[in-house]
Amino acid sequence: MSNELDFLSRRVAQGRLSRREFLGRATALGVSATFANSLLAGAARAEGPVKGGILKAGLVGGESTNSLDPALFMTQVPFAFGKMWGEMIVELSPEGDLEPRIAEEIGSSDDAKVWTLKIRDGIEFHNGKTVTPEDVVATLERHSDENSKSGALGYMKGIESLKASGREVVITLKEPNADLPYLLSDYHLVVQPNGGKDGADAGIGAGPYKIAVNEPGVRHGGERFANYWQGDKMGHADQVEIIVINDATARTAALQGGQVNMINRVEPKIVDLIKRLPGVTIRNHSGPGHYVFIAHCNTAPFDNNDLRMALKLAMDREEMVDKILRGYGTVGNDFPINSAYPLFSDDIEQRTFDPEKAAFHYKKSGHDGTVLLRTSDVAFPGAVDAAQLYQQSCAKAGIKVEVKREPGDGYWSEVWNKQPFCTSYWGGRSTQDQMYSTAYLSTADWNDTRFLRPDFDKMVIAARAELDNEKRKALYRDMAVIVRDEGGLILPMFNDFIDATGDGVGGWVDDPHQELMNGYALAKCWLEA
Amino acid sequence: MSSPILKLIAQRIALGILLLLAVSVLIFAGTQILPGDVAQSILGQSATPESLANLRAELGLNDPAYVRYFNWLGGILTGDLGTALSSGQDIATSISGRLWNTLFLAFWAAAVSIPLAIGLGLLAVRYRNGWVDKLISGLALASTSFPEFFIGYLLVYFFAVKWQIFPGISTVYDGMPFMDRMQAIALPAAVLTLVVLAHMMRMTRAAILNVMQSAYIETAELKGLSAIDVIRRHAFPNAIAPIINVVMLNLAFLIVGVVVVEVIFVYPGMGQYLVDHVSKRDVPVVQAVGLIFAAVYITLNIVADIGAIVANPRLRHPK
């Protein structure tokens, strides 16, 4: 039977049998539709990409205020469109390795302070110019300038000097950082002619698609760039189009009606309904994003570690994943790192719901009265429900939680990072160092748990400079345990990215870094013939 | 046309302009009351006292409020709406495309709904209290009672997903062929039609029924005119003033109140543009859009007034 299926699926891939006929015959052979579909996808991959057509995505996360300046990218649509027209210095592969792009080789001095990038020959910008080491230097300069509004400035500030010599770019850092190559994969760091200093929002890059249409908040379109340096791997469709569809129902309807080939952010609530639609495939995969309940470690009553421990133990994580994520996620362990990160240690004991132990710590903390938890719809999808579930599970441990629902408008400016106990989310970062540096260093602006620990800060700096991966991994493990046992972070769940594709989309590869194959879905997928 | 009419019309227009000025003062004052100023919203978290002072001087925020108001007003009168804080683009340029889209949708929704509503209203009067009347009223009231997003989703489900006759998302762009554009706006225009239909239809029906009580209608009937002729020749012209009023109100709704429909169908109009900028605290854009909406409202009301005056001899010749 499997021989026959193989044969049939190859026939489809070669275009000699229609997809529907194949599914019909496969079902006749007693194979489930899901399995038959996956067979088909495998065969199509083996057969290679199909060139041509218009590939369309309907995405949430675009506004009429979006700019083409990569420094200002923040939401999903500019992010995904940036990967269409821009080329990166390095990128993370779906397996989590570094993938050389414009920089074909990266080397460092022994102390991880001086880094050398060898710039690839023969990559061309859409305006016909060749990508030079000077362009890379100018790009990094623009993003590391103190006055720049770049979203990457936080990491780029660590650059002391930049120099182009021959085909190389030499980066000297203020402090050693073993993670520099990962930091260079930040999606803001799109290489532009002269670094975008002559026109940051000109929209000229070296990516697989040239910008054909740019109507912020409405649609963005690209045409295949004939001189793209990796035309066999990316840029299969003749044209790509992103249509901004911020309404979840409209997005689903557009996919169902065939107006778009893929959508992002399917709500967990409706995944099971969408799964049943003919032709639609749910593409969910775990990522570094997580939903959190955060307490300020320096504000009463949360300055007491027993109270924090009680609050952590009173969290029913399984229930959160089941009811809030509908199973599309994994339980968290009160530190912000999971297997999506390099150098993750999976041997740290999983914290579980334990009302008795929670009650014990609660008593020991001496706290009396209620604990005020602020939440809002915008904190994460289902945040208000999650807060209420948490209120119930806390009650089982004898902890009284008062849930206060705050307006979504102004939540990020008035509640998050201001009030001592609230719900929030993190999208995650590409390395452990980035995550800890952004939100757990004493000096970090976004230290939203007010985790002020000089000893922990030292470990972050030490791990940054450590080039020996074994030692680094051990350091990161110790740091994770400190955050887990003494921090103000309650992390019940890591959420999956949930995208969906319609009929006949080939070439999908799960990528744990960001949604839509780390933004490359339109460039790497193709329309099956 | 006699001169009293011209005088009345001139009066109305002058009043409208005054009202618009008053609204502009209100909008300006409202945005002044908000905590923080434009310089602060531009710089955001990274604001230092020094950069704030520089930017304030650059934007002229140190001038007294009335000076700034007149500068702003002067700019608007000369077509300069300023630049958006969030994207640095010229507001007038970005609004014009959006406004045109909104007007395009409103125009076609009106072109369908107004004749339909008036026609159905006349029909309802002709067969008043019979099953035709009840059916028309029932359906129209039902479609109005459902929230517009519900009707929108319902139409999307059947026309875009099930039968795939019309697209479920109405993205339109410059240079789109006319027929494609019409097809794209079919569903949102249908939703808007359903939403405004009942109001206009019921008003037409009520206004005409009111006139039908008059003695001259009885005379017309007695001299042997057919029922539809009585309505068309005698009742409708006398009932037109309230009908114009309600039509204009609904037209205004079609232009300024379509945010929900625009969001559902992803239609790039003014509503979506306003919402995006409100959430970014982009004050100059919000001011500009607010003023445009107010102008639309006031203009349509003036038209309604003038229409009512012209249609009604008693108003035309006040004692």
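Each value in this text was obtained by applying a stated rule to the coordinates, not by laboratory testing. Note that the coordinates shown come from a computational prediction; the quantities given were computed from them, not determined experimentally. Every residue, glycine among them, receives a Cβ derived from its backbone with ideal geometry; neighbour counts consider all protein chains shown.
Tabulated results
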item: Anisotropy class of the range B:80-126 from Cα gyration tensor, a/c 1.5 cut; result: prolate
item: Above-threshold pairs, the threshold being 30 Å between Cα atoms, out of A:LYS157/A:LYS269; A:LYS56/A:LYS323; A:LYS357/A:LYS458; A:LYS312/A:LYS473; A:LYS269/A:LYS364; A:LYS323/A:LYS458; result: A:LYS157/A:LYS269; A:LYS56/A:LYS323; A:LYS357/A:LYS458; A:LYS269/A:LYS364; A:LYS323/A:LYS458
item: The range B:268-289 residues near the modelled B:GLN32 label - backbone nitrogen below 20 Å, point 7 Å along Cα→Cβ; result: B:282-289
item: Nonlocal amide H pairs with A:TYR341, under 5 Å, H built at 1.01 Å; result: none
item: Inter-chain shielding of A:241-249 (mean C-beta neighbours from other protein chains, 10 Å cut-off); result: 4
item: Electrostatic dipole magnitude of the protein assembly as shown [Cβ: Lys, Arg +1; Asp, Glu -1; Cα centre; debye, to 20]; result: 3620
item: Shape of the range B:95-282, Cα gyration tensor, a/c cut at 1.5; result: prolate
item: Backbone N within the range A:476-503 under 12 Å of label point (7 Å from A:ASP322 Cα along the Cβ vector); result: none
item: Potential lengthening between B:LEU6 and B:LEU222 on full extension [0.36 nm per residue; Cα-Cα distance subtracted]; result: 73.9 nm
item: Potential extension, A:ASP503-A:LYS473 segment - 0.36 nm per residue separation minus Cα distance; result: 6.6 nm
item: Relative contact order (percent, whole number), the range B:95-282, Cα cutoff 8 Å, 6+ residue spacing; result: 33
item: Antiparallel bridge percentage (DSSP; both residues within the protein assembly as shown; nearest 5); result: 80
item: The range B:208-225 - phi-based ³J(HN,Hα) in whole Hz, Karplus 6.51/-1.76/1.60, Gly and Pro as x; result: 6, 4, 4, 5, 4, 6, 5, 5, 5, 5, 4, 4, 4, 5, 5, 7, x, 6
item: Using alpha-carbon coordinates, inclination of helix B:236-256 to the longest axis of chain B, degrees; result: 30
item: Rel. contact order, % - alpha carbon contacts under 8 angstrom, at least six apart, the range A:163-293; result: 11
item: Other protein chain Cβ atoms within 10 Å, averaged over every residue that makes up B:164-171; result: 6
item: Selection from B:SER96, B:GLY138, B:ALA227, by position along the positive dipole direction of the range B:95-282 (Cβ); result: B:ALA227
item: Under the Karplus curve 6.51 cos²θ - 1.76 cosθ + 1.60, θ = phi - 60°, whole-Hz ³J(HN,Hα) for the range B:62-71, x wherever Gly or Pro sits; result: 7, 5, x, 4, 5, 5, 5, 4, 5, 4
item: Set of lysines near A:LYS51 by C-alpha distance (under 21 Å), chain-local residues within fewer than 8 positions excluded; result: A:LYS83, A:LYS210, A:LYS233, A:LYS524
item: Long-range amide H partners of B:THR83 with built H, under 5 Å; result: B:ILE91
item: Within chain A, helix-based [θ] at 222 nm, where runs of 4 or more DSSP H residues each add -39,500 (n - 2.57), nearest 500; result: -9500 deg cm²/dmol
item: Neighbouring partner chain Cβ atoms per residue of B:268-275, average, 10 Å criterion; result: 3
item: A:CYS525 long-range amide H proximity, modeled H, under 5 Å; result: none
item: Unit charges at the beta carbon, dipole of the range A:279-372: most positive-side option, A:LEU313, A:TYR291, A:VAL331; result: A:TYR291
item: Global geometry of chain A, whether rounded, prolate or oblate, following the gyration tensor of its Cα atoms and the 1.5 cut on a/c; result: oblate
item: Cut-off 17 Å, label 7 Å out along Cα→Cβ of A:GLU349, residues of the range A:480-495 by amide N; result: A:480-487
item: Helix axis angle, B:131-145 relative to chain B longest principal axis, alpha carbon, degrees; result: 10
item: Separation of the B:MET176 and B:GLN89 label points, Cα + 7 Å toward Cβ, nm; result: 1.6
item: At R0 = 35 Å, FRET efficiency that the Cβ-Cβ distance of B:ALA65 and B:TRP100 yields, to 0.05; result: 0.55
item: Signed unit charges on C-beta, dipole axis of the protein assembly as shown, positive-most listed residue B:ALA239, B:VAL196, A:PRO355; result: B:ALA239
